[in-house]
Each structure stands twice: as structure tokens, then as C-alpha cells.
1. Which of the helices (runs of 4 or more DSSP H) found entirely inside the range 164-279 contain at least 1 residues meeting this: within 24 Å of THR151 (Cβ to Cβ)?
2. If only one of MET146, MET193 is more than 18 Å from the chain's Cα centre (by Cα), closer than 30 Å to GLY29 by Cβ and of a type outside the set (Lys, Arg), which one is it?
3. For VAL27, are the conditions met, namely being at pLDDT 95 or above, within 26 Å of VAL240 (Cα to Cα) and either of a type in the set (A, V, I, L, M) or more than 24 Å from the chain's Cα centre (by Cα) (or both)?
4. Just checking, does the range 90-106 include any residue being β-branched (Val, Ile, Thr), modelled with pLDDT under 80 and out of contact with any strand residue (DSSP E or B) (no Cβ under 9 Å at 6 or more places or on another chain)?
5. Which of the residues that make up the range 198-216 are at pLDDT 95 or above, surrounded by fewer than 16 Cβ atoms within 10 Å (Cβ to Cβ) and not polar (S, T, N, Q)?
6. Anything in the range 292-306 that is exposed (fewer than 15 other Cβ atoms within 10 Å of the Cβ) and either modelled with pLDDT under 85 or of a type in the set (Lys, Arg) (or both)? List them, or say none.
7. Mind checking which pairs have a first residue in the range 261-288 that is among the β-branched types (Val, Ile, Thr) and a second that is assigned to a loop (DSSP other than H, G, I, E, B), Cβ under 6 Å, 6 or more apart or different chains?
8. Can you say whether SER212 is over 30 Å from GLY7 (Cα atoms), in contact (Cβ under 8 Å) with a residue 40 or more places away in the chain and of a type in the set (Ser, Thr, Tyr), as far as the supplied structure shows?
Amino acid sequence: MSGNSLGKLFCVTNFGESHGPAIGCVVDGCPPGMPLEVSDIQAELDRRRPGTSRHVTQRQEADAVEILSGVFEGVTTGAPIGLLIRNQDARSKDYSAITDTFRPGHADYAYWKKYTVRDPRGGGRSSARLTAPTVAAGAIAKKWLMQTYGTTVRGYMSQLGPIQIPFEDWAHVSQNPFFAANANVIERLEQYMDELRKAGDSIGARIEVVASGVPPGWGEPLYDRLDADIAHAMMGLNAVKGVEIGAGFGSVTQRGSEHGDELTTKGFLSNHAGGVLGGISSGQDVTVSIAIKPTSSIRIERQSINRAGEPVSVKTLGRHDPCVGIRATPIAEALLAIVLADHALRHRAQCA
């Protein structure tokens with residue numbers, strides 16, 4: 001299976017399965033000399049960890065990360081950084097009923113057609129469990145970006161199903177399980193999720209990610225455009241079905257006189273471009289929005305087929321997020337940080 005690495009100079013390679021003994025990644029290209037401890041990474045993993053509220057999967061995983069290599073006496077050495085997260089609460093028997101069938105909307109069918117072998121336990125390689133190593137790698141990228149350039153990467157949920165969540169203040173994001181930047185809407189979100197969980201159904205979400213303090217000049221003007229690589233990374237996140245940079249699809253109805261960000265001696269007057277012009281960072285905030293589809297594993301019976309091509313009804317039991325978007329904010333932040341760290345190193349190599 002190919003396609004498990006992200007980045008060129010700051011390269012992250014992900015490994016493991018949802019119900020295997022462990023998951024993890026190798027981060028190659030992190031510059032030497034940066035102080036790095038388990039606590040730096042664990043803090044980010046705890047934000048994504050399952051079982052933290054009644055609105056997400058109740059799989060109980062500590063997500064305790066182990067640093068296997070690339071760090072000596074608390075400092076990165078420049079060698080590949082090996083990160084390991086052991087699986088402790090897998091219940092493979094929950095998936096015995098779908099061994100020979102395919103969940104509608106899930107990767108089951110496509111995996112079977114491609115590889116002729118499928119690990120149905122928790123979704124195997126297609127499980128959102130594999131985003132934990134991404135968050136761990138993103139923690140390293142975040143720290144290096146902040147230490148080297150003062151760049152910060154943070155995100156929030158702006159919509160849960162039909163409920164719009166107006167941005168109020170970044171301070172609210174860490175105070176609720178939805179990563180919502182508005183305290184006034186939490187009660188409504190909780191009520192909506194309680195009703196959804198009782199119905200055995202799922203819903204999608206929209207996540208916004210913002211990188212501030214990105215220097216101008218990162219990215220390339222053609223195939224390795226900064227925005228193209230960001231979109232590529234975000235579409236690699238489970239359940240993402242849409243990515244917008246800046247105004248995104250809103251630019252369809254904008255006129256050129258509105259969309260083009262005017263420049264003054266004091267800077268830009270707007271940021272419809274999302275901090276990227278011609279594939280290169282402009283020095284403004286890099287703004288990204290992602291659309292996440294509803295979880296495919298639901299308790300409602302739906303039509304499908306089995307491996308023999310016979311019609312069957314499928315109902316997925318076990319522990320699942322009724323909205324995978326609830327825990328997606330730290331993952332989207334990590335992906336943006338990884339892409340930015342990679343382009344920062346590439347720019348430094350060519351234009352320093």
C-alpha cells in the first residue's frame with residue numbers, strides 16, 4: 001500500500017491499523033536542536049483523544065505517545081523521529097457482522113475491490129484512528145513553526161449539521177467539546193447531538209483553520225502551490241469532501257472589484273485570497289475551511305451487498321463518532337502545520 005507519506009523535506013509517514021497492536025508515524029526532516037518532550041506532543045493528542053465527551057466514540061484510548069528515536073537529552077537530533085501510540089481498547093468482535101458486507105458510504109467496498117483483502121476491524125487503515133499519529137506529527141511541526149517564525153495554527157468548528165456557529169472568541173474553543181468559538185451555542189449543539197445519537201444516525205460538520213504569522217514567500221507557483229498542497233493534505237483527512245482556501249466557493253459570486261485584496265502602505269484591506277497569491281504565501285493569515293461528511297458507521301439499517309454480490313441489510317454496532325467533525329479540529333490544525341513546515345524548509349533551502 002503506497003501513499004502513506006506527506007511532505008518532501010518535512011516528511012511524515014503514517015503506519016498501523018485501528019485494531020492492530022499500535023499506530024504511529026515517522027517524522028523525517030525535523031531540524032536538529034529543537035527542545036522536544038513527550039508532553040509537547042501529548043497535549044495535542046489529548047485534544048483529539050476519543051471518549052472525552054458523550055458526543056464522541058466511547059472507545060477508551062489513552063493515546064499515550066512514545067518517542068522512539070530522533071530525540072536525545074530532550075533535543076531533536078535531525079534523525080527521523082519515531083512516534084508510537086499503542087492501541088489498548090480495541091473490540092474487534094464488534095465488526096464480525098460486517099466481515100463479508102460493505103457499509104454504505106464507507107471505504108469497505110473500494111478497499112476490497114482494490115486490494116482483495118480487507119481488515120474490517122474498526123475500518124483498518126481507513127479508520128479515523130489513524131489520525132492520531134498525524135496529530136502527533138503536527139505537534140512537532142507546530143512547535144518548530146512557532147519557535148522559528150512565530151507562526152501559530154489554530155482552528156474551530158463553524159457549523160454542525162444545520163447549526164451555524166458564529167465566531168465569537170478564540171478563548172471559547174478550548175472550553176467545550178465541539179471546539180466552538182462561541183459559548184452561547186453549546187447547549188443547542190449538545191441537545192442536537194443527544195437527539196442524533198438516540199436516532200442512531202450521524203451528521204457532518206465544517207471546520208475552519210487559521211495560520212497566523214506565516215511569512216510571505218512560502219510555496220511554488222505551479223504544481224507545488226502552497227494552497228494546492230494544503231488542499232491535498234486536507235483531502236487526505238478521513239471524511240473530508242470539500243476544501244476552501246480564503247473565500248473558496250464564495251468567490252464564484254464575487255466580482256473582481258470585490259475579490260481582489262487591495263494593497264495599501266499599511267497592508268491588505270481584505271483577505272479573500274486566504275493568504276495565498278499565485279500559490280505563494282502573501283504574509284496574511286492562511287485561512288482554510290473543510291467540509292466533513294456524516295459518519296458512515298450508523299445503527300440504522302441500510303441496503304448493501306455482500307462479497308458474493310447478494311443483497312443484504314447493514315447495521316453497524318460498536319462505538320463510533322456520530323459526528324467525526326467534533327474531533328477533527330486538532331487534526332486539521334496538524335495537517336496545515338505539517339504543510340507549512342514542509343514549505344518553510346523548502347523555501348529556506350532555495351531562497352534563504
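The values are calculated or read from the model by the stated rules, or taken from the named source; none is laboratory data. All of these numbers come straight from a predicted model, not from anything done at the bench. Positions of Cβ are generated from backbone atoms using ideal geometry, with glycine treated the same way; all protein chains shown enter the neighbour counts.
1. Once the helices (runs of 4 or more DSSP H) in the range 164-279 are filtered for at least 1 residues that are within 24 Å of THR151 (Cβ to Cβ), what remains is 226-235.
2. Exactly one of MET146, MET193 is more than 18 Å from the chain's Cα centre (by Cα), closer than 30 Å to GLY29 by Cβ and of a type outside the set (Lys, Arg), namely MET146.
3. Spelling it out, VAL27 is indeed at pLDDT 95 or above, within 26 Å of VAL240 (Cα to Cα) and either of a type in the set (A, V, I, L, M) or more than 24 Å from the chain's Cα centre (by Cα) (or both).
4. Here is the first cut: in the range 90-106, the residues β-branched (Val, Ile, Thr) are 98-99, 101.
Adding the requirement that they be modelled with pLDDT under 80 leaves 98-99.
Then drop every residue that is not out of contact with any strand residue (DSSP E or B) (no Cβ under 9 Å at 6 or more places or on another chain), which leaves 99.
For the range 90-106, residues β-branched (Val, Ile, Thr), modelled with pLDDT under 80 and out of contact with any strand residue (DSSP E or B) (no Cβ under 9 Å at 6 or more places or on another chain): present.
5. Result: GLY213, PRO215, PRO216.
6. Those that are exposed (fewer than 15 other Cβ atoms within 10 Å of the Cβ) and either modelled with pLDDT under 85 or of a type in the set (Lys, Arg) (or both): ILE300, ARG302.
7. Partner pairs satisfying both residue conditions: ILE280/GLY219; VAL286/VAL214; VAL286/GLY275; THR287/GLY246; THR287/GLY274.
8. Numbers: over 30 Å from GLY7 (Cα atoms): no; in contact (Cβ under 8 Å) with a residue 40 or more places away in the chain: yes; of a type in the set (Ser, Thr, Tyr): yes.
No: the conditions fail for SER212.
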